[in-house]
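Presented below is the structure to which this report refers.
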Amino acid sequence: MFHVQYQSLRLITQNSISSMCLKLMLSSPVAFAHIQKSWFSSHSLVGNKNIILMGPPGAGKTTVGRIVGQKLNCPVIDIDDDVLETTWNMSVSEKLQDVGNEQFLEEEGKALLKFSASGSVISLTGSNPMHSAGMQHMKKNGIVVYLDVPTTVIMSRLKSMKVDRIVGQSPGISLKDILQFRKQFYRRWYDIRVLCGGDSAAEVVAEKVLDAVKRYQNSELETFISTRSSRSGRSMEKDSHKYFSDVVTEGLAADGGLFVPERGLPKFAAEEWQSLIEATYKERAQVILERCIHPADIPASKLAEIIGTAYGENFTCSKIAPVRHLAGNQFLLELFHGPTASFKDFALQMVPHIFAYCIPRSCNYLVLVATSGDTGSAVLDGFSRLHDADKQRIAVMNFFPEDGVSQIQKSQMIGCQRENAWSVGVKSDFDFCQTAIKQIFTNSDYTGFLTVEYGTALAAANSINWARLLPQIVYHASAYLDLVHQDIIPFGSPVDVCIPTGNFGNILAALYAKMMGIPIRKCICASNENNVLTDFIRTGVYDLRGRKLIPTFSPAVDILKSSNLERYLHLIANEDGQLVTQLYNQLENQGHFQLRKDLLEKLQQDLVAGWCSEEDCLAAIHSVYSTTGYILDTHTAVAKVVADRLQDRSCPIIISSTAHYSKFAPAILRALRIAEIKQSPLSQLHLLSSYSPLPPVHWGLLETLKRKGNEDHQVCAADMSMLMSHIETLIQNHFM
């Protein structure tokens, strides 16, 4: 076998290699190996493991490998120069010309299988990852780092290097096609990805590699805290750290707060964002989520599998979240192409698979969710797509206000029920449903009883669950990159975003995207007549006294208690959990709280707010349809009205189109001044479809209503004991 000590290595140290060490290596390789091993173990970042650099030809693996080796004082091995050419006694290009593509890959793989090393930095060839057995052998003792360089940059580099042939190239196959083809192999094998922009110096990339390896080795640094935990309390409870897998499973913190990452969200450099301009939506999601989820919780390969499943054929648009020009400087981010026709699908096609991967196998789980309209069907659909084995141990119960959602939304939630997914209508409003779930989670006697009596734990799928927010960050970042890709703006130019807002999760995700480096100037919070958030953002006073929930045409934002606002307040209060606790205790006990002046000033640097009446909402739908032929849903119309009032037209504004108009057919028919027809939801959709609207009626919604239109559902009084009784009954029926 090839061993490191027998090869002609580039052993690079800060002071180079002394002639004595060189003589020892040549005269007694075994003795040198022992010295090297002892010396390296005290200096290495990864012990006896190798750092294996992988990427396309022209990615800079050899140069970066030398710099990393120098910084770590460890051996550096270039597979091309130190293994292949030494083995074959000819250059790689000569070998390729001699044996051809297929045989070359086989010969290259055989050389890898005979090779072993430890404690080294190894630069692979661009084609090594295409040999499965060889890569499996290499991964046994190494951390594979993928130098991810945009294809356009690689092509430019290869041209300047006058590389005229690489493995796989033949008449009729372009270099770009080969590079795209190889990506599937790189994605299969890497443990860590390092984004490399076109202008990234090798020294900078080497530092990124070292930082990425350190992160990979130190999962204990990526912990989560409650928005209500004090700094002194955290320092005393270091043994009770929560990791991503924990917060996905638990949902809500034990003290009633919401989980947030203790060290904040990762920051992307401008060149890293720019490297994603040409990427697909799924590729962007993979890169962003890898930075937010430690590989110890979900490895990159599993994350890729989850993303591929979540954003596959169940989305009606191949772009997943396309950006459409509406008029002037306004653009629509279409978030309704998922199976249940709302933005909730972006998280809830992913979260069930994340949840199933993270939870222990020793316990059954019942996922509880409260919905003001769109979340319910998205949760039910998402969890019903789990593998059969997972459905046997994971069930979901969806609580919604029986008379507080549109008829089509209700029909959809009923139609999305499956063997592990049920809906319960509650004779109250969304705020009661959400508060009830929070109280159930913090009732340790009840949750303990369920665990002991039925072997079942509770979990949450509302946006109080941290995993719900991460996929939403992706589409806000992706929308900006799409505008750059379409040459609407150069990278770095600001945009505003306007988002119909109820529970504050969607707009919080936009704020997080801004923190991570997306040039968002202002987030515009758009409310309907339940405008508590508008008043709060303008005055700093959150006041529920005397307010009653008003049913509107935009039921998904018919919310008075915005749960995710707590995460944002924790952020601008510099993680002062005691202050957050004080504010929310006051809200709970007195019905109001007021921000300090300095915190209000911070908030108003990020947020502006406005609200829209019912009349203005319908008028906006009619106006946009009359001028463009495009139909806005009622929530998007709320955002359009507010955007028109608050934008200054100095930069583009991206309006989040959070749901498909098909879900709100009666309001749309009224807005378009079509005579009101008291028909079934399915008939209403057929009527809308007859107008050849843009976009077309949502096919998934049509199919759901056709398939399951007459199923029944349970209805419950607004009583905590009744809700808990429904939960126990479901557990007994499904798990026992």
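With the requirement that a residue be open to solvent by 30 Å² or more (accessible area, probe 1.4 Å), under 33 Å from the mean Cα position of the chain (by Cα) and farther than 21 Å from V557 by Cα, what does the stretch 579-588 give you?
Listed by number, the residues that qualify are T581, Q582, N585.
Report every pair of residues separated by at least 6 positions or lying on different chains whose Cβ atoms are under 6 Å apart, first residue within the stretch 489-507 and under 10 Å from A526 (Cα atoms), second at pLDDT 95 or above and part of a loop (DSSP other than H, G, I, E, B).
P500/T658; I507/T501
Only helices (runs of 4 or more DSSP H) wholly contained in the stretch 153-264 count here; list those with 2 or more residues that are at pLDDT 90 or above.
175-189, 202-217, 244-250
What are the pairs with Cβ atoms under 8 angstrom where one residue, in the stretch 696-707, is on the phi > 0 side of the Ramachandran plot and part of a loop (DSSP other than H, G, I, E, B) and the other, located anywhere, is among the aliphatic types (A, V, I, L, M) and open to solvent by 80 Å² or more (accessible area, probe 1.4 Å)? Sequence gap at least six, or different chains.
Taking only residues 6 or more apart or on different chains, not a single pair turns up.
Table: residues versus (1) within 30 Å of P360 (Cα to Cα); (2) of a type in the set (D, E).
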position: R263; (1), (2): yes, no
position: E272; (1), (2): no, yes
position: Y281; (1), (2): no, no
position: I306; (1), (2): yes, no
position: Y311; (1), (2): yes, no
position: H325; (1), (2): no, no
position: P339; (1), (2): yes, no
position: K344; (1), (2): yes, no
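Would you please name the residue that is farthest from F536 (Cα to Cα), looking only at residues in the stretch 557-575 that are modelled with pLDDT under 95 and of a type in the set (D, E)?
Here the residue is E575.
Working only within the stretch 358-389, note down all residues that are in a helix (DSSP H, G or I), surrounded by fewer than 22 Cβ atoms within 10 Å (Cβ to Cβ) and among the small types (G, A, S).
Result: S384, A389.
Of the residues H713, H726, H734, H686, only one is of a type outside the set (F, W, Y), surrounded by 19 or more Cβ atoms within 10 Å (Cβ to Cβ) and either out of contact with any helix residue (DSSP H, G or I) (no Cβ under 7 Å at 6 or more places or on another chain) or at pLDDT below 90 (or both); which?
H734
May I ask you to list the residues in the stretch 513-529 that are open to solvent by 10 Å² or more (accessible area, probe 1.4 Å) and outside any strand (DSSP E or B)?
Within the stretch 513-529, K514, M515, G517, P519, E529 qualify.
Mind checking which residues of the stretch 472-501 are part of a loop (DSSP other than H, G, I, E, B) and either of a type in the set (F, W, Y) or farther than 19 Å from L571 by Cα (or both)?
Q486, D487, I488, I489, P490, F491, G492, S493, P494
Could we say that F355 is aromatic (F, W, Y), crowded, with 21+ Cβ neighbours inside 10 Å and closer than 29 Å to L646 by Cα here?
Judged against the criteria, F355 is not a match.
Kindly provide the set of residues from the stretch 77-96 that are within 19 Å of S118 (Cα to Cα) and free of Cβ contacts under 8 Å to residues at least 24 places away in the same chain, ordered by number.
D81
Identify, please: which residue in the stretch 589-638 is of a type in the set (A, V, I, L, M, F, W, C) and open to solvent by 20 Å² or more (accessible area, probe 1.4 Å) and is, among those, farthest from the chain's Cα centre (by Cα)?
Once the filter is applied, the top-ranked residue is A619.
Kindly check whether there is at least one residue in the stretch 183-194 that is of a type in the set (K, R), in contact with a strand residue (DSSP E or B) (Cβ under 7 Å, 6 or more places away or on another chain) and surrounded by 16 or more Cβ atoms within 10 Å (Cβ to Cβ).
Yes; the residues of the stretch 183-194 include at least one that is of a type in the set (K, R), in contact with a strand residue (DSSP E or B) (Cβ under 7 Å, 6 or more places away or on another chain) and surrounded by 16 or more Cβ atoms within 10 Å (Cβ to Cβ).
Any residue at all in the stretch 362-382 that is more than 19 Å from H660 (Cα to Cα), among the hydroxyl-bearing types (S, T, Y) and out of contact with any helix residue (DSSP H, G or I) (no Cβ under 8 Å at 6 or more places or on another chain)?
Scanning the stretch 362-382, I find at least one residue that is more than 19 Å from H660 (Cα to Cα), among the hydroxyl-bearing types (S, T, Y) and out of contact with any helix residue (DSSP H, G or I) (no Cβ under 8 Å at 6 or more places or on another chain), so the answer is yes.
For (1) open to solvent by less than 40 Å² (accessible area, probe 1.4 Å); (2) modelled with pLDDT of 95 or more; (3) not in a helix (DSSP H, G or I), each residue gets a yes or a no:
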| site | (1), (2), (3) |
| --- | --- |
| K282 | no, yes, no |
| Q286 | yes, yes, no |
| E290 | yes, yes, no |
| I298 | yes, yes, yes |
| E305 | no, yes, no |
| T309 | no, yes, no |
| G312 | yes, no, yes |
| I320 | yes, yes, yes |
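Looking at T658 and the list (1) among the polar types (S, T, N, Q); (2) open to solvent by 20 Å² or more (accessible area, probe 1.4 Å); (3) at pLDDT 85 or above, which single condition is not satisfied?
(2) is the only condition that T658 fails.
When you scan the stretch 323-336, how many residues do you find that are open to solvent by less than 20 Å² (accessible area, probe 1.4 Å) and closer than 15 Å to P696 by Cα?
Qualifying residue count, the stretch 323-336: 3.
Open to solvent by 10 Å² or more (accessible area, probe 1.4 Å), closer than 29 Å to L265 by Cβ, outside the structural domain of T371 (by the TED database) and part of a loop (DSSP other than H, G, I, E, B), is that true of K561?
Considered against the rule, which asks whether it is open to solvent by 10 Å² or more (accessible area, probe 1.4 Å), closer than 29 Å to L265 by Cβ, outside the structural domain of T371 (by the TED database) and part of a loop (DSSP other than H, G, I, E, B), K561 comes out as yes.
Which pairs do you get when a residue that is modelled with pLDDT of 95 or more and open to solvent by less than 10 Å² (accessible area, probe 1.4 Å), found in the stretch 126-145, comes within reach of a residue that is in a loop (DSSP other than H, G, I, E, B) and among the hydroxyl-bearing types (S, T, Y), reach meaning Cβ atoms under 8 angstrom, with the pair 6+ apart or on two chains?
V144/Y190; V145/Y190
Hey, can you tell me all the residues within the stretch 45-90 that are at pLDDT 90 or above and small (G, A, S)?
G55, G58, A59, G60, G65, G69, listed by residue number.
Does A556 fit the bill of being open to solvent by 10 Å² or more (accessible area, probe 1.4 Å), touching a residue at least 12 places away in the same chain (Cβ under 8 Å) and assigned to a helix (DSSP H, G or I)?
yes
Just name the residue that is nearest to the chain's Cα centre (by Cα) out of those in the stretch 689-700 that are open to solvent by less than 60 Å² (accessible area, probe 1.4 Å) and modelled with pLDDT of 85 or more.
H698
The values are calculated or read from the model by the stated rules, or taken from the named source; none is laboratory data. Remember, predicted model here, so these are calculated numbers, not experimental data. Neighbour counts are summed over all protein chains in view; Cβ atoms, including those assigned to glycine, are modelled from backbone coordinates with ideal geometry. Protein only, heavy atoms only, side chains kept; ligands, DNA and RNA dropped before computing areas. Shrake-Rupley method; radii C 1.70, N 1.55, O 1.52, S 1.80 Å.
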